[in-house]
Structure formats: structure tokens, C-alpha cells
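Let me begin by presenting the structure, written as C-alpha cells, before commenting on it.
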Amino acid sequence: MTVPQEKTTTMRAFGALAHADASVRLQAALAVGTAPDPAFVGGLVERCAVEPEFSVREMLTWALTRHAPSVTVPRLVGELRSDRARARGQALHTLSKIGDRRAWPAITPALLADADDEVARTAWRTAVVLAPACERPRLAVELAKHLGRGDRATQLSLSRALIALGEAVRPALEAATTAPDPRVRTHALATEQLWQDPEAGFELAIEEAKRVVALGGEGR
């Protein structure tokens, strides 16, 4: 049987996803996404797990979004159990771009607490995108458990995720402002400050929160 020219071109592009030159891999991912074919979804997902270049990973994610969620989502959900942090993180990122809420049950507390900060940050963002409205209060409680974690970038990611939940986050955030751990209290107060004044910036919010914590809450 003769293989159509378009199929042959896509197969050739698919084979180039492992090329040593990142620019070739980028063009290959673009070509595969331009002519979606379910036969290539597994390979795209596998390449996401090992691709070292950010721009190529983004193109691989785009290529996956060009395919039917019924094909991509189950494969991506399977990657969330991978031992490789990059595989978990990229699968989460791609699921957030697809936005299919059938993936929501796969966003477990264990993923939200992933030992790798980058994976955890991606899980927080993805959870906010996928959570149904009725699950947002529960998600807020889970996310609030991580207040005080990590460096400034990690804390800012969590603050943004919490703020994106809107009013659903208020009870959990208010409870955290009286937590025994000063790091948790500081982060919770800074998140409140950022929510009320997004233009203030996170560093300023953190410094103000530190001052309030040092004063025992008297400066609020």
C-alpha cells in the first residue's frame, strides 16, 4: 500500500525529534503538530520527558494540544506517575494547556507536594486550571499546606495559584495567617497583600508581612 506523501513527511519529521540539533527538533515538532496523527502521540509524550530545550518542549506541548484530548490526556496522566521530574512537570504543563477537566482526578495531593519544586509549582498552576468550581475550596486547603515552602520564586507561584482561586481561598488563607510557623504566617500575609494590591509586587508584600509578623500582628 502506498503511504500518502503528507504521512511520509510527518513520519520523517517525527524521526527528527531526536536530532542532535535543537533547531531541527523544533521544526520537527512544528511539523508533527501541523499534521496531527494519533499514531505520534505516544512518541511526542515520550520526547517531552527527555527534551532538554525549553523552546522545543513548548513546541512539543503545542503539538500535543493539536491532537484530540481523548488520545492525549490518558497518555499524559500516565506520565504523572513517572520517576522523572521532567516527565511529570511537562505532562502537568501540557494538561494545563489542554484544559480537559477529565484530568482533574489525577492531580493528587502527592503531586501538589512533589519533592521537586518546579514540578510542584506546575502542579499548583495546573490544579487551578482544572479544578471544578465545587472542588476549589478543597484545593485551597491543599495548596495552603505549602505556604512557606521554598524560595521566593516558589512562594510567588503558590501565591498566584491561591489568588487565582478567588473567594474560595479566603478561609484557608485567613487560617494560615495565625499559623504557629512564622514562615507560613509571613507567606499567607504576603499573599493577602498581593491579592489586595497586585501592583505592590511580591518582594514588597513579603517585607511588609515580615514586619507584621515581627510585631505580632499589630501592624495589620
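Any read-out appearing in this document is the output of simple, stated calculations on the displayed coordinates, not a laboratory observation. These figures come from a predicted structure and were not determined experimentally. Please note: Cβ atoms are built from the backbone with ideal geometry, for glycine as well, and neighbour counts cover all protein chains shown.
Selection of first residues in segment 178-202 that are surrounded by fewer than 17 Cβ atoms within 10 Å (Cβ to Cβ) and of second residues that are among the polar types (S, T, N, Q), restricted to Cβ pairs under 8 Å at least 6 apart or on distinct chains, gives the following pairs, ordered by first then second residue: ALA200/GLN193.
Taking segment 118-140, which residues are under 19 Å from ALA179 (Cα atoms) and surrounded by 15 or more Cβ atoms within 10 Å (Cβ to Cβ)? Quick ask: steps written out before the conclusion?
Taking segment 118-140 and keeping what is under 19 Å from ALA179 (Cα atoms), we get 137-140.
Within segment 118-140, PRO137, LEU139, ALA140 meet the criteria.
Evaluation of GLU174 against the conditions (1) buried (at least 18 other Cβ atoms within 10 Å of the Cβ); (2) in a helix (DSSP H, G or I) shows that the sole unmet condition is (1).
Output yes when any residue across segment 186-197 is out of contact with any Ser or Thr (no Cβ under 8 Å at 6 or more places or on another chain) and small (Gly, Ala, Ser), and no when none is. No: zero hits. The residues of segment 48-65 that are over 12 Å from HIS93 (Cα atoms) and hydroxyl-bearing (Ser, Thr, Tyr) amount to a single one, SER55.
One line per residue, one yes/no per condition, for (1) hydrophobic (A, V, I, L, M, F, W, C); (2) out of contact with any strand residue (DSSP E or B) (no Cβ under 9 Å at 6 or more places or on another chain); (3) closer than 26 Å to ALA20 by Cβ:
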| position | (1), (2), (3) |
| --- | --- |
| VAL56 | yes, yes, yes |
| PRO74 | no, yes, no |
| VAL77 | yes, yes, no |
| ASP83 | no, yes, yes |
| GLY89 | no, yes, yes |
| HIS93 | no, yes, yes |
| LYS97 | no, yes, no |
| ALA110 | yes, yes, no |
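Being of a type in the set (Ser, Thr, Tyr) and closer than 20 Å to ALA188 by Cα, is that true of even one residue in segment 139-157? Yes, segment 139-157 contains a residue that is of a type in the set (Ser, Thr, Tyr) and closer than 20 Å to ALA188 by Cα.
Checking the condition surrounded by fewer than 18 Cβ atoms within 10 Å (Cβ to Cβ), under 19 Å from the mean Cα position of the chain (by Cα) and assigned to a loop (DSSP other than H, G, I, E, B), which residue from ALA115, ALA110 passes?
Values: ALA110 fails: assigned to a loop (DSSP other than H, G, I, E, B).
Testing whether each residue is surrounded by fewer than 18 Cβ atoms within 10 Å (Cβ to Cβ), under 19 Å from the mean Cα position of the chain (by Cα) and assigned to a loop (DSSP other than H, G, I, E, B) leaves just ALA115.
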